[in-house]
1. What are the residue pairs meeting all of these: first residue in the stretch 70-95, first residue under 11 Å from residue 238 (Cα atoms) and in contact (Cβ under 8 Å) with a residue 24 or more places away in the chain, second residue hydroxyl-bearing (Ser, Thr, Tyr) and assigned to a loop (DSSP other than H, G, I, E, B), Cβ atoms under 8 Å, and 6 or more apart or on different chains?
2. Evaluate the stretch 14-26: report whether one residue or more is in a strand (DSSP E or B), among the charged types (D, E, K, R) and buried (at least 18 other Cβ atoms within 10 Å of the Cβ).
3. One residue is enough: does the stretch 338-355 have a residue meeting the conditions closer than 30 Å to residue 126 by Cα and among the β-branched types (Val, Ile, Thr)?
4. Here is a list: 389, 397, 374. Which entry is crowded, with 23+ Cβ neighbours inside 10 Å and among the charged types (D, E, K, R)?
5. Given the criteria buried (at least 24 other Cβ atoms within 10 Å of the Cβ) and on the phi < 0 side of the Ramachandran plot, does residue 202 qualify?
6. Can you give me the number of residues within the stretch 37-79 that are aliphatic (A, V, I, L, M) and at pLDDT below 95?
7. Since residue 390 meets every condition but one in (1) in contact with a helix residue (DSSP H, G or I) (Cβ under 6 Å, 6 or more places away or on another chain); (2) among the polar types (S, T, N, Q); (3) closer than 28 Å to residue 126 by Cβ, which condition does it not meet?
8. Filter the stretch 27-53 down to residues that are of a type outside the set (A, V, I, L, M) and assigned to a strand (DSSP E or B) and give me whichever is surrounded by the most Cβ atoms within 10 Å (Cβ to Cβ).
Amino acid sequence: MNFIGIDLGTSSIKVILYDEKFRIIGAQTSSYDIIEPQNGWGEQNPSDWIDALNTVLLNLKDDYPNQMKVVKSIGLTGQMHGLVMLDQNSKVLRNAILWLDQRSSDEVVEITEKLGYDYIIKTTANPISSGFTLAKLQWVRNNEKDLFDKCNKILLPKDYIRFYLTGDFATDVSDASGMQMLNIKNRCWDKDLLEKMEIPYSLLPKVYESCKVTGYLKEDIALKYGFSAKVSIVAGAGDNAAAAIGCGVIEDGDAFTTIGTSGVVFAHTSNMVIDNQGRYHTFCAAIPNEWHVMGVTQAAGLSLEWLKRNLYPNEDLEKVNKDVDEVEIGSNKLVYLPYLMGERSPHLDPYARGTLIGLTNTHSRKEISRSIFEGVSFSLRDCLDAMRETANVNIKEMALTGGGSKSKILCQMISDNFKLDTYTLKEGSGTTLGAAILASVGSRRYKDIKSAVNIAIKNDKKYMYNRGYHEEYSKYYDIYRSTYKSLKDVYKKLQEL
């Protein structure tokens, strides 16, 4: 009995084939592009996702034909908040609008005024955000009315993959939490909110708990990819909720930080808590009847990608890490704010932009590189501090995952800033493993998520925080925090030019 985890990421799709003990049999990845029609916009063509899915599954079929035949269940995860619109014939109406898209800032104001801030927080546990699906849908209504009128169903990105595989319209509670139409406490679509926003209930897919089976592969699809048994698809989870499962973050006191395109600080909680200031998000967890809080910085890994692309175009990441390691804490008095795509936590601000403070003629790319690493660490620390202040999370230690966790320099930097011991996980942990664990529970191979996690999760490297380094970082962190307040109005004026 084997399982598959599918992660539809922002830049690529990753599919891993696991055996029933969650050992990796094979893995495939295929990339696609982000379309940026204007500054601050981000879209993708859902057909590119399907092409990429075809590539990876057919490659797995060619490489492991016998192992594919005994796949029992598939778990889905992926980028959250995106808007996929289908017409009455289930054809895609327009490019998907992605989580990082910031075009709907006017709609954020419009929806907040219409519903009222307190009502929004009470119902959805989060303030209206241009990153979330509701504001995107309202933007389409305001700017592409003909497409809005033709829309028969809206889906999240991973759930479009589900539709392709099974023909079912379904989602899970964790991913649905980021659409801003779900009642987070009751874990169901909020009919009152939909009525106030004049959104037909029929537009939305059916919502499930993450380990529940939502359907089965269509026969032609199963044949195409070399599956022989009846293969179930479980609801799955948004990328961060799935990563939590794949990191073993399933109980109070458990937490992880991921450094992917965005950066996330995530803590599990058995009690629903809300920050009335909206500095972090409260979503349904992938574990039934539990929740999580998380802070999201939009451009963590994206800042590192920007650095590599622009300052090290012909060199590898080892050179970047070497340069960073040669510069002392504080980057020779250079501070970076990583707001390349606006920001979400703890500043919900679509106008914020990446900023270097203190640049002089004496600085080289080494100091700039170090400041970018530190700025990413500071942004994650900013999220954690907000959660510590009001969510009462008593974190024991922090797991680190995502592409950025491959940098020992960055891992130690985060540990020192968080004032927490941290650890990475063996290869294969994270989103795809979380999705596969959910699939194993949905197919009843394991009785519950904890039982599967005990088999699947294996820790790797550990990083002990240094108190002296924490105190030194704090001097620059204080400047980092104050700088946003000074520039907030400047960012908005710049956008309005």
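The values are calculated or read from the model by the stated rules, or taken from the named source; none is laboratory data. Since the model is a prediction, treat every value here as computed from it, not as a measurement. Note that we place each Cβ from the backbone using ideal geometry, even for glycine, and neighbour counts take in every protein chain shown.
1. 79/10
2. For the stretch 14-26, residues in a strand (DSSP E or B), among the charged types (D, E, K, R) and buried (at least 18 other Cβ atoms within 10 Å of the Cβ): present.
3. yes
4. 374
5. no
6. Number of matching residues: 0.
7. (1)
8. From the stretch 27-53, those of a type outside the set (A, V, I, L, M) are 28-33, 36-49, 51; that's our starting set.
Applying the additional criterion that residues be assigned to a strand (DSSP E or B) yields 28-31, 43-44.
Values: 28: 18, 29: 16, 30: 18, 31: 12, 43: 19, 44: 22.
Taking the candidates together, the pick is 44.
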